[in-house]
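One structure is given below, encoded as structure tokens.
The values are calculated or read from the model by the stated rules, or taken from the named source; none is laboratory data. Given the structure is predicted, the values throughout are model-derived calculations rather than measurements. All Cβ positions, even for glycine, are placed from backbone atoms using ideal geometry, and neighbour counts span all protein chains on display.
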Amino acid sequence: MRPHQSLARRAYSAWLTFWFPAPSPRGKLALLRIGTSLILLYVLFVRSFDLQDGLSRAIWSNPVTRQALDPIGWPFTVFHWVDGTWWLWSMHVLAMLVAGALLAGVLTPLMAALSLVFQLSYAHSNPAMLLGVDGLLILALAYLSLVPSGRVLGVFGRVEPDYPQYPPYLAYLQDELPPRPEQGLPWSSLPVRMLQLHLSILYLHSGLSKLTTDWLAGTALWHPRLVALGALVPLNTLQSVPYLTSLITYGLVLFELFYCVLVWVRPVRYPMLALAVVVHLSVGIAWGLLPFNLLMIVLNLAFVPPAHLESLVRFIRPLLVLPWVANDARD
Amino acid sequence: MALGVSSYSDGRRRRAEPGPYGPRHPLLNALGRLEATLAHAWPLLRLPLTVLAVVHLVLVALFPGGQNALFGLTTQDTPTYASLFQVPDTLGFYTADGTDGFLVYKIYTQDGGMVNGVFPDTRVAPRLRYDRWATAGNAASGPYPELQDYVVNYVLKQLPSPPLRMELFAGHWTWDRNSLTFPWPGQGPDTTLELHRLGNYNGLTRTWEPSGKEDKRK
């Protein structure tokens, strides 16, 4: 920053620096892509067991009621384009293939956008079958579709020119645009910044929504749904210590309320992220909501400094067995 | 003689534009040219992009489209922001008042027997998470007579023979919050179960007759 710059000019520079921080978070985008697509594949796989009852035309709800449950102007779904079991399964398998391509790092903006279309289609086909993880996947895929994320840890990522490791017949599909002197795309950090802000809003909304009787009384762990079904730990043992359940309940509310501020404070960022991992693992195991909470942990990677994640990527790459899984030559 | 460049060879050059590792797909070439154009215009694009991002995030905060599925906020007043994040808010059903809803049906068969059942029945697809079924149950037992008519037809299709009569009730399981305020070992939550008659299916006329007046059993 030069001292003779006007205040407006400095504010403008600071504004742009906030939204487009350097360096480009290619490793971060790759890890977000891999984590999101793995959970997406799991959700699609689990949905396969109930595809007919959940999505076919002959399910237990009619279009008028589904419209009443889903009161938006344009409840788009590709499953209204097809009829019959074969076509339903074809669409579902196509959605899984697209998710697999996203995991592999093939044309990632396109695959993320297609996965987003499929996820919205599942959501609007039968709104009564939605879970929290579905909404969170839609959020993650929307940001992943804005920028290439397959240039690191992707099967068609950039490799050294004299060391071509990708499969030769598929080279024309590589997720790569003409080489540029800059480090990555100039806008690649914008979706990550938006995701960070979106996550902060998400936690704040979650904390505010917990300011209800159950949570303020410290008795949320006593919800009969947790007692009867879905819990992976013996909640009865935990409930025999009321002070502990109250402590956990209040701690969870406080964490969600203050996460949106504290995670932006650099000295306490890593403690907050560590707390987020502990909270989400605990809640995931105790509530039986592992996919949702694992995805929250993946999305929390957005707050880890890019240089640290690049180091992680360099550590991961030699561990991968596929020889053509490439890293960027400039790393 | 000047050598003319044929349109064929022009086309060949465009299609076979070399990438760093050989010929590239024409679509990728077009994307590359688009990226180059955007990169040149980048200084002008930065500020409008950030303004769009701010507008989007403000809308997300005010009308949490994606989060409505998580936190039970309504989408009734947000049709204008039917953005990518807009998903149905049916998950808000059970969080609204802390009750679980489901359908109860009684089927009177032709041989004089009677069969009880609930919908959704978690035993039908035990691999599914209970929450999915609970959400479906809250939707099915809600104020949607057309849905209940549809459910009756769905259940009837599963039967080997048409019944004489079928009664449908909405079950609402409410748990007592007061008993939870002072929990101690051995003291479980007191719950209440309410059944509201929704209507009858007449097997003789094969018609669904919704219940007009309140019929509540505790």
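One table, with the values for the structure above:
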item: Members of the range A:35-53 found to be of a type in the set (D, E, K, R), in a helix (DSSP H, G or I) and over 21 Å from the mean Cα position of the chain (by Cα), listed by number; result: A:53
item: Which numbered condition residue A:39 fails, given (1) touching a Pro at 6+ places or on another chain (Cβ under 8 Å); (2) hydrophobic (A, V, I, L, M, F, W, C); (3) modelled with pLDDT under 90; result: (3)
item: Where a residue in the range B:160-184 is at pLDDT below 50 and among the hydrophobic types (A, V, I, L, M, F, W, C) and its partner, wherever it lies, is surrounded by 13 or more Cβ atoms within 10 Å (Cβ to Cβ) and assigned to a helix (DSSP H, G or I), with Cβ under 9 Å and at least six apart; result: B:180/A:214; B:180/A:222; B:182/A:242; B:184/A:242
item: Selection count where residues are modelled with pLDDT under 75 and among the hydrophobic types (A, V, I, L, M, F, W, C), scope the range A:199-240; result: 13
item: Breaking point among (1) part of a loop (DSSP other than H, G, I, E, B); (2) at pLDDT 75 or above; (3) of a type in the set (Gly, Ala, Ser), for residue B:199; result: (1)
item: Evaluation of residue A:269 against (1) over 19 Å from the mean Cα position of the chain (by Cα); (2) at pLDDT 75 or above; (3) crowded, with 19+ Cβ neighbours inside 10 Å; (4) of a type outside the set (A, V, I, L, M) (one fails), failing number; result: (3)
item: Of all residues in the range A:1-36 being among the hydroxyl-bearing types (Ser, Thr, Tyr) and closer than 27 Å to residue A:116 by Cβ, the one that is modelled with the highest pLDDT; result: A:36
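Residue-wise test of (1) touching a helix residue (DSSP H, G or I) at 6+ places or on another chain (Cβ under 9 Å); (2) among the hydroxyl-bearing types (Ser, Thr, Tyr); (3) at pLDDT 85 or above; (4) assigned to a helix (DSSP H, G or I).
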position: A:282; (1), (2), (3), (4): yes, yes, yes, yes
position: A:286; (1), (2), (3), (4): yes, no, no, yes
position: A:293; (1), (2), (3), (4): yes, no, yes, yes
position: A:299; (1), (2), (3), (4): yes, no, yes, yes
position: A:302; (1), (2), (3), (4): yes, no, yes, yes
position: A:310; (1), (2), (3), (4): yes, no, no, yes
position: A:313; (1), (2), (3), (4): yes, no, no, yes
position: A:316; (1), (2), (3), (4): yes, no, no, yes
